[in-house]
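S.K.: Here it is, the structure in full.
No value in this document is a laboratory result; all are computed from the given coordinates. As the structure is a computational prediction, the values presented were derived from the model and not from experiment. Heads up, the Cβs are rebuilt from the backbone with ideal geometry, glycines too, and the neighbour counts pull from every protein chain shown.
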Amino acid sequence: MQKTISPIDNKVYIEREYDSHKIEETLNNSVKAQISWGQISVKERVELLGKFVEDFLSKKEIITEELCRQIGRPISQVAGELNGFKERADYMLSIAENKLADIDVTKDNNFKNFIRRKPLGVVFVIAPWNYPYLTAVNSIIPAMAAGNTVILKHSAQTPLCAEQLYKSAQKTLPKDVFNYLHLNHQDGLRVVSDTRVNFVSFTGSVKAGYEVQKATHTKFIDMALELGGKDPAYARYDCDLEKTVENLVDGSFFNSGQSCCGIERIYVDEKIYDKFLESFISKTYNYNFGNPLKKETNLGPVVKLSAAEFIINQMNAAIDKGAKKMIDENKFNYPKEHKNYLIPQILTNVNHDMNFMTEETFGPCVGIMKVKNENEAIKLMNDSPYGLTASIWTKDIEIAEKIGNQVETGTFYMNRCDYLDPALSWTGVKETGKGCSLSEIAYEKLTAPKSFHLRKEQ
């Protein structure tokens, strides 16, 4: 039995039976459905998927409360995820016909030569709990638009997300084009390794990513792995201080810091450090921290008691090495009886001898470190096993691009953070993973090129 514990009160919210007994049937049905789905035109698929997106978004009120109860994100902020779902889905559908069209390479009138992008088959998507719809849409919409069928395994924390997507698929898509399975870890790996699965998209931990990759070793398939992150920001001396602080406070604490591309470490030029820190602390105290079901709340609990324990232990280890807490928890009114309600915290006097500055925390806390110049900032930004996003805050776009070329990251931002533009590939380097989703490049990954060399005369 799969049990979902709500972070709001740490009580069981949903129970679901595992779908181990449905694996064979679901795989077979997905394979069969893909044959006909892959044969209809891209235009038709896009039209049907547009209806799928529309139907899903029509359930906004229901989905909003469900999501709040499943992951503890304030109900006032949940709507933003649905807006992002629409933005990404709409963009990927808008470019599908063009990016999936045949590539004509004919050079001679006696021949017809072209490259056709053929669907891979069945795509297995393993989605995380922290942005359950935003991460899923990155894969499922382009996969289906490209002519593949999809099986979604969602986190045990967010089973209703898979079910809501399935309900919309039942209304708008041909049977078995989209399916889901509630699976334990081992059964998930069993599906990954199955020969009927032709592509895997996984978002999760580095450890689990290696397991997923290992499970495919008996077959030749590609995959997209988005794993850990420790995303940095660099506030250069010439930045707009107030706007920089405002954005980085939000980038650090939104969703209680439980974001793959959230800001976990900030490097600030020594010329502006004191003013930056003062402003950052002041804005942190502005949060309404507490029960996420209340409309005035904009910061809620972390997802699990075990997550809270990990975060606290990591911070305490840094404090033992000299780090200092800057935020007084007594200035926040919150349900202290629930140990997963963690106040937003800032640590200073930090360095890279502390795991807090090098290993993923995934919580409402950030380390702020003074640097002498951009060379030191670049060195520290790159001193990490991860590379998902990084940002620079400056008025000089040429400097930003120069620094961006030197920072080891999948996406580099100037004066922005914690955002995905669906026209750009979403990818990471180092232990953050491999492959990509979104952008036109996603369609290359979700299809296989087939060459046609047709001679008109014998």
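S.K.: Between Glu329 and Glu15, what is the spin-label point distance in nm, taking each point 7 Å from the Cα along the Cα→C-beta axis?
M.R.: The answer from the label model is 3.3 nm.
S.K.: Can you check what the net charge comes to around Ser279, using other residues whose Cβ is under 9 Å from the Cβ of Ser279 (Lys, Arg +1; Asp, Glu -1)?
M.R.: Charge balance near Ser279 sits at -1.
S.K.: Could you work out how far helix 132-145 tilts from the main Cα principal axis of the chain, as a 0 to 90 degree angle to the nearest 10?
M.R.: Taking the Cα atoms of the chain, the angle to 132-145 is about 20 degrees.
S.K.: State which stretch of the chain is the longest one without any exposed GluC sites (Glu not before Pro), exposure meaning a DSSP loop state and at most 11 other Cβ atoms within 10 Å.
M.R.: That gives 18-295 as the longest site-free run.
S.K.: Separation between the Asp274 and Asn313 pseudo-spin-labels, each 7 Å from Cα along Cα→Cβ, expressed in nm?
M.R.: 3.9 nm
S.K.: If contacts are Cα pairs under 8 angstrom and at least 6 residues apart, what is the relative contact order of the chain in percent?
M.R.: RCO, the chain: 20 percent.
S.K.: Ile115: net charge of surrounding residues, Cβ under 14 Å, Lys/Arg +1, Asp/Glu -1, itself excluded?
M.R.: Within the 14 Å Cβ shell, the charges total +4.
S.K.: What whole number of Å gives the distance from the Cα centroid of segment 1-63 to the Cα centroid of segment 282-330?
M.R.: With segment 282-330 and segment 1-63 each reduced to a Cα centre, they are spaced 34 Å.
S.K.: Students often get this wrong, so try it: which of (i) 24, 54, 20, 2, 0; (ii) 24, 58, 17, 1, 0; (iii) 21, 49, 25, 4, 0 is P(r) over Cα pairs in 20 Å bins from 0, in percent as calculated from the structure shown?
M.R.: (i)
S.K.: Within segment 357-386, find all residues whose amide N lies under 20 Å from a label point positioned 7 Å from the Cα of Lys395 along Cα-to-beta-carbon.
M.R.: Residues 373-374 fall inside that zone.
S.K.: Which lysines have a Cα less than 28 Å from the Cα of Lys271, not counting those fewer than 8 places away in the same chain?
M.R.: The reachable lysines, counting only those whose Cα sits under 28 Å from Lys271, are Lys230, Lys243, Lys283, Lys321, Lys324, Lys325, Lys370, Lys372, Lys379, Lys395, Lys402.
S.K.: Once the Cβ-Cβ distance between Glu337 and Ile115 is put in as r, and R0 is 51 Å, what FRET efficiency do you end up with, to the nearest 0.05?
M.R.: The pair Glu337/Ile115 has a calculated efficiency of 0.25.
S.K.: Which is farthest toward the positive dipole end of the chain among Gly433, Gly290, Asn316, measuring Cα position about the Cα centre, with Cβ charges +1 (Lys, Arg) and -1 (Asp, Glu)?
M.R.: Gly433
S.K.: To continue, here is another question. Note down the magnitude of the dipole of the chain about its Cα centre, charges +1 on Lys and Arg C-beta and -1 on Asp and Glu C-beta and zero elsewhere, to the nearest 20 debye.
M.R.: Value, rounded to 20: 1000 debye.
S.K.: Using only helices, what value at 222 nm comes out for the chain when you add -39,500 (n - 2.57) per DSSP H run of length 4 or more and divide by the total residues, to the nearest 500 deg cm²/dmol?
M.R.: Taken over the chain, the calculation gives -12500 deg cm²/dmol.
S.K.: Once you charge only the Cβ atoms, +1 for Lys and Arg and -1 for Asp and Glu, what is the size of the charge dipole of segment 123-191 about its Cα centre, to the nearest 20 debye?
M.R.: I would put it at about 100 debye.
S.K.: Sorting Cys365, Cys239 on the 10 Å Cβ count, fewest up front, what's the list?
M.R.: So the ranking, lowest neighbour count to highest, is Cys239, Cys365.
S.K.: With each pseudo-label sitting 7 Å past Cα toward Cβ, what's the Glu163-Asp108 distance in nm, one decimal?
M.R.: For the pair Glu163/Asp108, the computed spacing is 6.2 nm.
S.K.: Another question, then. Please report His217, His352, His182, His154 as a ranked list, fewest other C-beta atoms within 10 angstrom at the top and most at the bottom.
M.R.: His217, His352, His182, His154
S.K.: Roughly what % of Cα-Cα distances in segment 231-422 sit above 28 Å, to the whole percent?
M.R.: 20 percent
S.K.: On to the next question. Return the FRET efficiency for the residue pair Ala79, Ala423: r is the Cβ-Cβ distance, R0 is 30 Å, and the value is rounded to the nearest 0.05.
M.R.: So, using R0 = 30 Å, E works out to roughly 0.85.
S.K.: Separate question: For Asn247, what is the net charge nearby, where nearby means another residue's Cβ is under 11 Å from its Cβ and Lys, Arg count +1, Asp, Glu -1?
M.R.: -2
S.K.: Right, here's the next one. Which whole-number percent gives the relative contact order of segment 324-372, counting Cα pairs below 8 Å spaced six or more residues apart?
M.R.: Computed value for segment 324-372: 37 percent relative contact order.
S.K.: Here is a further query. Each residue of segment 275-281 in order: what ³J(HN,Hα) in whole Hz does its phi give by Karplus 6.51 cos²θ - 1.76 cosθ + 1.60, θ = phi - 60°, with x for Gly and Pro?
M.R.: 5, 4, 5, 4, 5, 4, 4
S.K.: Can you grab the distance from the C-alpha centre of segment 203-243 to the C-alpha centre of segment 102-173, Å, no decimals?
M.R.: Their Cα centres are 20 Å away from one another.
S.K.: Now, a different point. Please get the size of the charge dipole for segment 231-422, origin at its Cα centre, with Cβ charges of +1 on Lys and Arg and -1 on Asp and Glu, quoted in debye to the nearest 20.
M.R.: Rounded to the nearest 20 debye, it is 540 debye.
S.K.: Mind listing the phi-derived Karplus ³J(HN,Hα) values for segment 6-20, rounded to whole Hz, using 6.51, -1.76 and 1.60 with θ = phi - 60°, and x for any glycine or proline?
M.R.: Result, ordered by residue: 6, x, 5, 10, 6, 10, 5, 9, 9, 10, 9, 6, 5, 9, 3 Hz.
S.K.: Right, here's the next one. Just subtract the alpha-carbon distance of Lys22 and Lys295 from 0.36 nm times their residue separation and send over the number in nm, one decimal.
M.R.: Gain in length upon complete extension: 94.3 nm.
S.K.: So what's the angle, to the nearest 10 degrees on a 0 to 90 scale, between helix 397-406 and the longest Cα principal axis of the chain?
M.R.: 80 degrees
S.K.: What residues of segment 107-148 lie in the reach of a label at His453, counting those whose backbone N is under 15 Å from a point 7 Å from the Cα along Cα→Cβ?
M.R.: Residues 107-108, 110-116 fall inside that zone.
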